[in-house]
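Q: One structure follows; several queries about it will come next.
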Amino acid sequence: MNISIPDVFRALNTMTLYGDVFRPKAFYGGVIGLGHGRASECIGCGQCEGVCPQHLPIISLLKEASSKLDT
Ligand code: SF4
């Protein structure tokens, strides 16, 4: 779905760690503007989780990101 997962997590982490909303949303909007998919477009296929070296729960993190960034 061409989701830039590291960039989505960067925005989510900034929101979580610093309580900032404006800058992470602006950054995320810029990433989407470059043509990447929204976090909400994840179809849960699991391909990324199978190859993630950090074994992150990417699908659930994208759902969290979508609830905070796609609103
Ligand atoms: S679960 Fe599938 S659609 Fe969702 S981010 Fe991973 S590879 Fe993309």
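Only the coordinates and a few stated rules stand behind these numbers; no lab work does. It should be emphasised that the depicted structure is a prediction, and the values quoted were computed from it without experimental measurement. Neighbour counts are summed over all protein chains in view; Cβ atoms, including those assigned to glycine, are modelled from backbone coordinates with ideal geometry.
Q: Regarding N13, is this residue polar (S, T, N, Q), within 16 Å of the ligand (Cβ to nearest atom) and out of contact with any strand residue (DSSP E or B) (no Cβ under 7 Å at 6 or more places or on another chain)?
A: On the way: polar (S, T, N, Q): yes; within 16 Å of the ligand (Cβ to nearest atom): no; out of contact with any strand residue (DSSP E or B) (no Cβ under 7 Å at 6 or more places or on another chain): yes.
The answer is no for N13.
Q: Of all the residues that make up the range 33-62, how many are surrounded by 15 or more Cβ atoms within 10 Å (Cβ to Cβ) and more than 10 Å from the ligand (Cβ to nearest atom)?
A: Of the residues in that region, 3 qualify.
Condition check ((1) part of a helix (DSSP H, G or I); (2) of a type in the set (K, R)) across all residues:
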{"residue": "I32", "(1), (2)": "yes, no"}
{"residue": "I43", "(1), (2)": "no, no"}
{"residue": "K63", "(1), (2)": "yes, yes"}
{"residue": "K68", "(1), (2)": "yes, yes"}
{"residue": "T71", "(1), (2)": "no, no"}
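Q: Quick check: anything in the range 18-32 within 10 Å of the ligand (Cβ to nearest atom) and without any contact (Cβ under 8 Å) to a residue 60 or more places away in the chain? It would help to see each step written out before you state the result.
A: First pass over the range 18-32, keeping only residues within 10 Å of the ligand (Cβ to nearest atom): none.
For the range 18-32, residues within 10 Å of the ligand (Cβ to nearest atom) and without any contact (Cβ under 8 Å) to a residue 60 or more places away in the chain: absent.
Q: Further, regarding this structure: Search the range 40-62 for residues being closer than 12 Å to I5 by Cα and aliphatic (A, V, I, L, M), and hand back the single one that is nearest to the chain's Cα centre (by Cα).
A: Looking at residues that are closer than 12 Å to I5 by Cα and aliphatic (A, V, I, L, M), I get L62.
Q: Pull up the range 7-26, narrow it to residues that are surrounded by fewer than 17 Cβ atoms within 10 Å (Cβ to Cβ) and of a type in the set (S, T, N, Q), then point me to the one that is nearest to the chain's Cα centre (by Cα).
A: So, considering only residues that are surrounded by fewer than 17 Cβ atoms within 10 Å (Cβ to Cβ) and of a type in the set (S, T, N, Q), the one nearest to the chain's Cα centre (by Cα) is N13.
Q: Since G37 meets every condition but one in (1) touching a residue at least 24 places away in the same chain (Cβ under 8 Å); (2) part of a helix (DSSP H, G or I), which condition does it not meet?
A: (2)
Q: Quickly run through the range 2-20 and pick out the residues that are closer than 15 Å to D70 by Cβ and either in a helix (DSSP H, G or I) or touching a Lys or Arg at 6+ places or on another chain (Cβ under 8 Å) (or both).
A: Result: I3, I5, D7, V8, F9, A11, L12, M15.
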